[in-house]
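Chemist: Take this structure, written in structure tokens, and hold onto it; I'll ask about it next.
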Amino acid sequence: MFVRRCCCIQRRLGWRSTRLPQRDFSLQPLKKPNSVSKQVTEDEFVDHSESPRDLILKVMSTVPSQRELKHFLKRYVPQDDSGNNTNLTINGDKQDLEKKRQRSTNAIVDALFEGDTDRVALAKVQGPFAKRGWNAVASTLIKLKRLGLTSIIVLDSVEWRKTLSKGELRNRMFLESMALVESIERQGGRARAFHVGVFELSGHKIDAHVDMIQSSLDSNHLPVIIPILSAEDGAQNPITADEAMITLSEKLRAKKGYSGKNLTPAKIVVINHEGGIPNHESPGTAHSLINIKEEYSGILQAYQAHPSWQETHPTAIENLTMVQSCLENLPSTSSAIITPVASLPSALITNLITDKPLYSSSLPVKSTPLTSRHLSINTSRTTVLRHGTSIHYHKSIDTLDLDKLTALMEASFRKKLDRDAYYDRLGNVLDGAIIAGDYEGAVLVTKESSNDGSLQCSYLDKFAIAPQSQGIGLTDILWKKMYDAWPELMWRSRKDNGVNKWYFERSDGFLRLPDSNWVMFWYGGNMYQQASELSSITRNITASFSSLLTK
């Protein structure tokens, strides 16, 4: 029975030996890159034989809280008409949850493979790669397709930026496209290369004909596109892969294929050697998450201030700008990821399943990223990007939209706010508020005092994320903004709160308050020296909610 099930899974995932003519289109770099720029070697690659199923199980094992597990299941497990998961009901205490998690893991993964998510990614593959690198890319693209994310691939290469004649460049583009097609087919996938005919000049603007791409997708082929532009006089002129990506993102927006499949890209993917966008706050690593709307200009300034990045990350700003333009053409739910070939396939599959960065950008530097502990992948060089949301700061309750703020907090906490009493108190003690977008998230910090007025401290009164905005990195964005604005902060949480594990990882200390249901947390400075006095302040803060919401 076990053998029969394994064979069924293998047929389902396409694990089979495929023999093709022994052609080798793989290319070595024309010139060895600067020694400062890290070149991928074979022993750096993760185990590409690991199945998507095994990777999903590992991803699920990193889900730290009941809230995140619910979010995971909501995205990937079939639900009944009332919105409950058909394969797993999550209620009860932590032990009960863990037992249910273990019993239902196989059912959850089966449901994931049976689902038809029918999504499209627009992927820029930025070589050159040796044969093993092409195999890593091909294997990852095939696994993503089996998980419901089909890639439209645009080829690029750092070597194409060298001084080459148009004829030499076109020939090299052709050879590298065939290297990828060869590798995809050798590993059991199907691919179709497009060397001309996709892009043409329409007036002064690049246009894209997506009929051929639609046909390729409908026939179950991965389209591999070379960025070559057909001029009115018939000349074939190479263009940049970034121009091709931006044009396709605009052309595919709200587009339907012949079979009715939605062709709007759900993800923009960049696979390269150098990895994501370098992070000046943590040297040697890449940004985990970038809110482009808020952080783009700051990243440009940091890049200019670090000349060495021109060598180690020569195309970082090109990729950042390209992703910004693509996401502007796409729905707010679309996201992007830039990852090095050494992190394949785990980085992309982990992001696909969770739709989150590989590790939390709000974790203190001293902490070990949770995902890296479990998945053993190169998280520090992968960047997730979102078009993002604007961030607004308020110093007075008078500038807040209290109706929207109330709706946000009640939706986030699933409790009824004692509105009048709460805002009467907030008006007197508010130290500052951070609002994300149109009240998609909020941080409310108050200034609290001891009874005799001898001690004052900043207190995190509310941290709320709208349900529809949970799991997309907004929590990390707001936490980092709060951390920058208040370098010393305390807060409290009920002892049975499922988010406490998240708080433990971000605090410098905590104290379980005797004879109460509260845990007090803090970060910054010498807060621990005042723990006793702070606990007295914490106990005296009035509760804000009266009852659970029934709906």
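Chemist: Going through 261, 267, 293 one at a time, which residue ends up being of a type in the set (Lys, Arg) and at pLDDT 95 or above?
Modeler: On the way: 261 fails: at pLDDT 95 or above; 293 fails: at pLDDT 95 or above.
That would be 267, the only listed residue that is of a type in the set (Lys, Arg) and at pLDDT 95 or above.
Let's see how each residue does on (1) touching a Ser or Thr at 6+ places or on another chain (Cβ under 8 Å); (2) closer than 26 Å to residue 352 by Cα; (3) outside any strand (DSSP E or B):
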| residue | (1), (2), (3) |
| --- | --- |
| 153 | no, yes, no |
| 169 | no, no, yes |
| 177 | no, yes, yes |
| 181 | no, yes, yes |
| 196 | yes, no, yes |
| 206 | yes, no, no |
| 229 | no, no, no |
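Chemist: Considering only the range 407-515, give the helices (runs of 4 or more DSSP H) lying wholly within it that have at least 3 residues that are crowded, with 20+ Cβ neighbours inside 10 Å and on the phi > 0 side of the Ramachandran plot.
Modeler: Of the helices (runs of 4 or more DSSP H) lying wholly inside the range 407-515, none has at least 3 residues that are crowded, with 20+ Cβ neighbours inside 10 Å and on the phi > 0 side of the Ramachandran plot.
Chemist: What number of residues within the range 326-357 satisfy the criterion of being under 17 Å from residue 248 (Cα atoms) and in contact with a Gly (Cβ under 6 Å, 6 or more places away or on another chain)?
Modeler: Matching residues across the range 326-357 total 0.
Chemist: Okay, next question. Any residue at all in the range 146-167 that's surrounded by fewer than 18 Cβ atoms within 10 Å (Cβ to Cβ) and among the polar types (S, T, N, Q)?
Modeler: yes
Chemist: Here's another thing I want to ask about it. For the range 195-207, state whether one or more residues are open to solvent by less than 50 Å² (accessible area, probe 1.4 Å), under 29 Å from the mean Cα position of the chain (by Cα) and modelled with pLDDT of 90 or more.
Modeler: For the range 195-207, residues open to solvent by less than 50 Å² (accessible area, probe 1.4 Å), under 29 Å from the mean Cα position of the chain (by Cα) and modelled with pLDDT of 90 or more: absent.
Chemist: Within the range 526-535, restricting attention to residues that are open to solvent by less than 60 Å² (accessible area, probe 1.4 Å) and among the small types (Gly, Ala, Ser), which residue is farthest from residue 449 (Cα to Cα)?
Modeler: Taking the range 526-535 and keeping what is open to solvent by less than 60 Å² (accessible area, probe 1.4 Å), we get 527, 531, 534-535.
Cutting the leftovers down to among the small types (Gly, Ala, Ser) gives us 531, 535.
Details: 531: 14, 535: 11 Å.
Checking each candidate, the answer is 531.
Chemist: Anything in the range 340-356 that is closer than 18 Å to residue 472 by Cα and either modelled with pLDDT of 90 or more or open to solvent by 30 Å² or more (accessible area, probe 1.4 Å) (or both)? List them, or say none.
Modeler: 347, 348, 356 - these are the residues of the range 340-356 that are closer than 18 Å to residue 472 by Cα and either modelled with pLDDT of 90 or more or open to solvent by 30 Å² or more (accessible area, probe 1.4 Å) (or both).
Chemist: Can you pull out the residues in the range 208-218 that are part of a loop (DSSP other than H, G, I, E, B) and open to solvent by 40 Å² or more (accessible area, probe 1.4 Å)? I'd like the intermediate steps shown before the answer.
Modeler: Initial filter on the range 208-218 (part of a loop (DSSP other than H, G, I, E, B)): 209-210.
Matches in the range 208-218: 209 only.
Chemist: So which of 222, 229, 263 ends up being buried (at least 16 other Cβ atoms within 10 Å of the Cβ) and either over 17 Å from residue 153 (Cβ atoms) or over 24 Å from the mean Cα position of the chain (by Cα) (or both)? Steps first, answer last, please.
Modeler: Details: 222 fails: either over 17 Å from residue 153 (Cβ atoms) or over 24 Å from the mean Cα position of the chain (by Cα) (or both); 263 fails: either over 17 Å from residue 153 (Cβ atoms) or over 24 Å from the mean Cα position of the chain (by Cα) (or both).
After applying the criteria, what remains is 229.
Chemist: Check 281, 318, 274 and return the single one that is charged (D, E, K, R) and assigned to a helix (DSSP H, G or I). Steps first, answer last, please.
Modeler: On the way: 281 fails: assigned to a helix (DSSP H, G or I); 274 fails: assigned to a helix (DSSP H, G or I).
After ruling out the rest, the residue left standing is 318.
Chemist: Just give me the residues in the range 393-406 being open to solvent by 80 Å² or more (accessible area, probe 1.4 Å) and either of a type in the set (S, T, N, Q) or outside any loop (DSSP other than H, G, I, E, B) (or both), in sequence order.
Modeler: If we filter the range 393-406 for residues that are open to solvent by 80 Å² or more (accessible area, probe 1.4 Å), which is where we start, we get 393, 395, 398-399, 403-404.
Result: 393, 398, 399, 403, 404.
The values are calculated or read from the model by the stated rules, or taken from the named source; none is laboratory data. Keep in mind that what you see is a predicted model, and the values were worked out from it rather than measured. Because the Cβ atoms are built from the backbone with ideal geometry, glycine has one as well, and the counts that use them run over all protein chains shown. Ligands, DNA and RNA are stripped out before the accessible areas are found, and what is left, the full protein with its side chains, is counted by its heavy atoms. Shrake-Rupley method; radii C 1.70, N 1.55, O 1.52, S 1.80 Å.
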